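The block underneath contains the structure these notes are about, expressed in structure tokens.
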Amino acid sequence: MNAEALNLPTTFAMAPVRHDWAREEIQALFDLPFNDLLFRAATVHRQYFDPNAVQVSTLLSIKTGACPEDCKYCSQSGHHNTELEKEKLLEVQKVVAEAREAKQKGASRFCMGAAWRSPRAKDMPYVLEMVRQVKSLGMETCMTLGMLDQEQAEALADAGLDYYNHNLDTSPEYYGKVITTRTYDDRLNTLANVRDAGMKICCGGIVGMGEGRQDRVGLLQQLANLPHHPESVPINMLVKIEGTPLANVDDLDPFEFVRTIAVARILMPQSFVRLSAGRQEMNDQTQALCFMAGANSIFYGERLLTTDNPEADHDRELFRRLGIHPLELLGDYSDEAAEDALQRQIAEQEAEEQGLFYDAMSRRPAKPVLDKRA
Ligand code: SAM
Ligand code: DTB
Ligand code: SF4
């Protein structure tokens, strides 16, 4: 299928939000010349979003390791020997202290992850209290705790959880090569429970696990054809972990990663597409291409769950070099967000008058640093 045969928007028509994407259409997008694909993705991005605003979340592992699932990519699976330090469920106060620090550093959403197949009944009161207290800091909350039944999803929604992260990870065809202890349908059931409980969904996958392009097509087709697009779509580049079965898989071409982001942007024009795990191993230029291709969300802070993420200082500098600013809070936080936005405008003006620039992540005026690599 050539580009014209694709039922795609022109530069000026608003990209439609569709849920009936055919495999061939998605494949044809992946097959476009790189520049054509990026142009289309950037055009769609600008129709729905400020292309220079990026949503910023910080992650914390609230329960680490000894997971009964056998996900081949994961440092936390009890099936692999990864020499990871295991940790019990963290105390609520410790989690809240970490969230407060993340907020001070500029994160607007706090994501808490647990290495569980699903939460046990005795864990629920603790995680619900974490949601309530983190939310009361004026942050958006996200959790990823494994499979949820309807009752658990409703309890989390009642506590005020904004987002639930539950990834499909790859295509239905490749899934069994990566995980054998649960099925694709298990994942889809939890997503339906989360949606029915009224929470927003964060759902994406991992690339670079030895899958073929057809599996990246299959993953994005599943995501885009859900009854509602996930509000947040994390695209993770595999972080290779010593001791896991995927430790020595071949590297994925970074341009193929950028293409995956671009196609996700075109298929799900209203969703936040997150340039997720793998940034530590990526150069700044690749990340800039991802933002160009429509990525508008990142994890910020030195740690993901069990692996390293770029230093906060490095990300602040990257944002400055690219003229990107962190997105202000949306939704239920309108008063606080409006106040934040006003303060930012005043601070930006003051910084400019002093010949400085306003570093919106640290919320301080700062001296522009000459970039030796430029
Ligand atoms: N146990 C829960 C679950 O699997 O839903 C939540 C935590 S799990 C670590 C969250 C997601 O992180 C996984 O679904 C996977 O997409 C991503 N992930 C885990 N290990 C990764 C790795 N080594 N590289 C890239 N992404 C990874
Ligand atoms: C997601 O899609 N990526 C995040 C978050 N959701 C929970 C996790 C990335 C984990 C990377 C490997 C690690 O740090 O253990
Ligand atoms: Fe467990 Fe989640 Fe890791 Fe799979 S990805 S082993 S479910 S922590």
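The values are calculated or read from the model by the stated rules, or taken from the named source; none is laboratory data. From a predicted model like this one, the values you see are computed outputs, not experimental measurements. Here the Cβ positions follow ideal geometry from the backbone for every residue, glycine too, while neighbour counts run over all protein chains shown. These accessible areas exclude ligands, DNA and RNA; they are computed on the full protein's heavy atoms, side chains included. Shrake-Rupley method; radii C 1.70, N 1.55, O 1.52, S 1.80 Å.
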Connecting every pair of Cα atoms under 10 Å apart in the chain and solving the GNM, the largest mean-square fluctuation among 253, 50, 149 falls on 253
Based on the alpha-carbon gyration tensor of region 207-327 and its eigenvalue square roots a ≥ b ≥ c, which shape applies: rounded if a/c is under 1.5, prolate if not and a/b is larger than b/c, or oblate? oblate
Heavy-atom accessible area per residue, region 36-333, 1.4 Å probe: how many Å²? 38 Å²
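Are there trypsin sites (Lys or Arg not before Pro) in region 82-186 that DSSP puts in a loop and that have at most 11 other Cβ atoms within 10 Å, and which ones?
Filter output for region 82-186: 88, 120.
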Once every DSSP H run of n ≥ 4 in the chain is given -39500 (n - 2.57) and the sum is divided by its residues, what mean residue ellipticity at 222 nm do you get, rounded to the nearest 500 deg cm²/dmol? -12000 deg cm²/dmol
So, in region 1-125, how many Lys pairs have Cα atoms under 15 Å apart, if the pair is 8 or more places apart or on different chains? 6
Distance in nm between pseudo-label sites at residue 307 and residue 181 (7 Å out along the Cβ direction from Cα): 1.9 nm
How large, in percent, is the carbon and sulfur part of the accessible surface of region 36-333 at a probe radius of 1.4 Å? 48 percent
Be a star and scan region 180-200 for residues whose amide nitrogen sits under 20 Å from the point 7 Å along the Cα-to-Cβ vector of residue 214. 184
Here region 87-95 yields Karplus 3J(HN,Hα) values (6.51, -1.76, 1.60; θ = phi - 60°; whole Hz; Gly and Pro given as x) of 9, 6, 4, 5, 5, 4, 4, 5, 5
For the chain, cysteines whose Cβ has no other cysteine Cβ within reach (under 4.7 Å): 67, 202, 203, 290
Give the shape of the chain as rounded, prolate or oblate, defined through the alpha-carbon gyration tensor: a ≥ b ≥ c are the square roots of its eigenvalues, a/c under 1.5 means rounded, and otherwise the shape is prolate if a/b is larger than b/c and oblate if not. rounded
